[in-house]
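Trainee: Pasting a structure below so you can have a look.
The values are calculated or read from the model by the stated rules, or taken from the named source; none is laboratory data. As the structure is a computational prediction, the values presented were derived from the model and not from experiment. Cβ sites come from the backbone with ideal geometry, for glycine too, and all protein chains shown count toward neighbours. Heads up: the accessible areas ignore ligands, DNA and RNA and are worked out on the full protein's heavy atoms, side chains in. Shrake-Rupley method; radii C 1.70, N 1.55, O 1.52, S 1.80 Å.
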Amino acid sequence: MEIRTGTATIPGQQQDGLEIYYEDMGNPGDPPVLLVMGLGAQLLLWRNGFCEKLVDQGYRVIRYDNRDVGLSSKLHGQRAGGALVPNLVRSFVGRRSPSVYTLEDMADDAAGLLDHLEIDRTHVVGASMGGMIAQIFAARHSRRTNALGIIFSSNNSAFLPPPAPRALLSLITGPAPDSPREVIIENSIRVGKIIGSPGYPVSEEQARADAIEAYERAHYPQGIARHFGAVLGSGSLKRYDRQISAPTVVIHGRADKLMRPAGGRSIASAIPDARLVLIDGMAHDLPEALWDDIVGELKTTFAEVN
């Protein structure tokens, strides 16, 4: 599968613009699908095989690194904003907190990438924090959204069950940025075991290979705090969900302890006519054994577009 690569400059975000790295697959004339990944996660987590299944179904697939991760621009030295505990309390009741940037800014990054690619309309699929970005995009850029897929995400509405402490802490804490390579790789493997799907475990060999690939491509843990700040800085997304008119499927794992299934249910109940799909044994990852099922659910929703 040919992968076309490039960098889009998003004006207005920094003095010289914000650089967003992307990869573009499939026939440029096919209906596009924009894949948005989550907190601190590189585009690598949209695995090549998953993308290839979408391409084989007749779609052009675009995946990209959000700001502050992977090969996109980093906001070096910028503090995440505000004290963590008060911000978590505000988030629990659906309120916004101070942050360097918000999920709204990140949704506008996605729009800027589409401008660069000269794509007017697209299907949008977001995972975890990427699902939050996708909700905002579908509301703020409704004329550009054909259909919407949201995977293991939340709308941060008030009083949702919080993440399991162990799962949350595994994601937002870790070794010092300058720790030895092996320490960081072992931590990545540990995190994967904590938040991964118990019904579809990844082999130790594959987990290590994935951790090494991510480390060698772009190790930048400083961006995780700013991504988390963006999540806490955006408050409840219900105001956006009510504005979404695109056909929507919400896919969530019943075993997810980081983004509880209640988050998926809340999204599906807030977006008009959204369809909820709950999968046994799935947690906060995209197991290869479920790719056909997930792609099938997405394709069903994409087909609803008039």
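Trainee: How many nm is it between the label spots at residue 273 and residue 158, if each spot is 7 Å from the Cα in line with the beta carbon?
Mentor: 3.0
Trainee: Kindly report the accessible area of the range 123-230 per residue (heavy atoms of protein chains, probe 1.4 Å, no ligands, DNA or RNA), in Å². Let's see the in-between values first.
Mentor: Values: 4560 Å² over 108 residues.
Accessible surface, normalised per residue, equals 42 Å².
Trainee: Turning to a different aspect of this structure: Restricting to Cα pairs below 8 Å that are 6+ residues apart, what does the relative contact order work out to for the chain? Please round to a whole percent.
Mentor: Values: 652 pairs, mean separation 64.7, N = 306.
Averaging sequence separation for qualifying contacts and normalising by length gives 21 percent for the chain.
Trainee: Given a Förster distance of 22 Å, report the FRET efficiency between residue 183 and residue 206 from their Cβ-Cβ distance, rounded to the nearest 0.05.
Mentor: Working: r = 20 Å, r/R0 = 0.91.
Calculated value: 0.65.
Trainee: Report the FRET efficiency, 1/(1 + (r/R0)^6), for residue 300 and residue 111, where r is their Cβ-Cβ distance and R0 is 25 Å, rounded to 0.05.
Mentor: Numbers: r = 26 Å, r/R0 = 1.03.
It comes to 0.45.
Trainee: Provide the per-residue ³J(HN,Hα) series for the range 249-254, in order, calculated from phi with Karplus coefficients 6.51, -1.76, 1.60 and θ = phi - 60°, each as a whole number of Hz, with x at glycine and proline positions.
Mentor: Along the range 249-254, the couplings run 10, 10, 10, 8, x, 5 Hz.
Trainee: Quick one: give the max-minus-min coordinate of the C-alpha atoms of the range 177-285 along each principal axis, largest first, in Å.
Mentor: 48, 32, 20 Å, listed from the longest principal axis down.
Trainee: Kindly work out what percent of the DSSP beta bridges joining two residues of the chain are antiparallel, to the nearest 5.
Mentor: 35
Trainee: Relative to the present Cα-Cα distance, how much length would full extension add between residue 2 and residue 280 at 0.36 nm per residue of separation? Can you show the working numbers first?
Mentor: On the way: separation 278, 0.36 × 278 = 100.08 nm, distance 3.37 nm.
Contour length minus the Cα-Cα distance gives 96.7 nm.
Trainee: Sequence gap at least 6, Cα distance under 8 Å: using those rules, report the relative contact order of the range 150-300 to the nearest whole percent.
Mentor: On the way: 206 pairs, mean separation 55.9, N = 151.
Reported as a whole number, the value is 37 percent.
Trainee: Still on this model: Over the range 246-296, average the accessible area per residue using a 1.4 Å probe and give it in Å², no decimals. Intermediate values should be presented prior to the final figure.
Mentor: Details: 1930 Å² over 51 residues.
Value returned for the range 246-296: 38 Å² of accessible area per residue.
Trainee: May I pose another question? Pop the C-beta distance of residue 142 and residue 288 into the FRET formula with R0 = 41 Å and round what comes out to the nearest 0.05. Walk me through the numbers before you get to the answer.
Mentor: Numbers: r = 33 Å, r/R0 = 0.81.
In this case the efficiency is close to 0.80.
Trainee: Can you name the helices of the chain, as whole DSSP H runs, whose Cα span along the helix axis is 30 Å or more and whose Kyte-Doolittle mean is not below -1.0? Mind dumping the intermediate values first?
Mentor: Numbers: long enough: none.
The answer is none, since no helix passes both cut-offs.
Trainee: Need one number: nm distance between label points at residue 173 and residue 121, each 7 Å from Cα along Cα→Cβ, rounded to one decimal.
Mentor: Each label point is offset 7 Å from its Cα along the Cβ direction, giving 4.8 nm.
Trainee: Moving on. Just the number, please: carbon plus sulfur as a percent of the accessible area of the range 20-63, 1.4 Å probe, no ligands or DNA/RNA counted.
Mentor: Values: 560 of 1300 Å².
Exposed carbon and sulfur together represent 43 percent of the surface.
Trainee: Can you send over the carbon and sulfur percentage of the accessible area for the range 128-185, probe radius 1.4 Å, protein chains only? Mind dumping the intermediate values first?
Mentor: On the way: 1380 of 2200 Å².
Carbon and sulfur together cover 63 percent of it.
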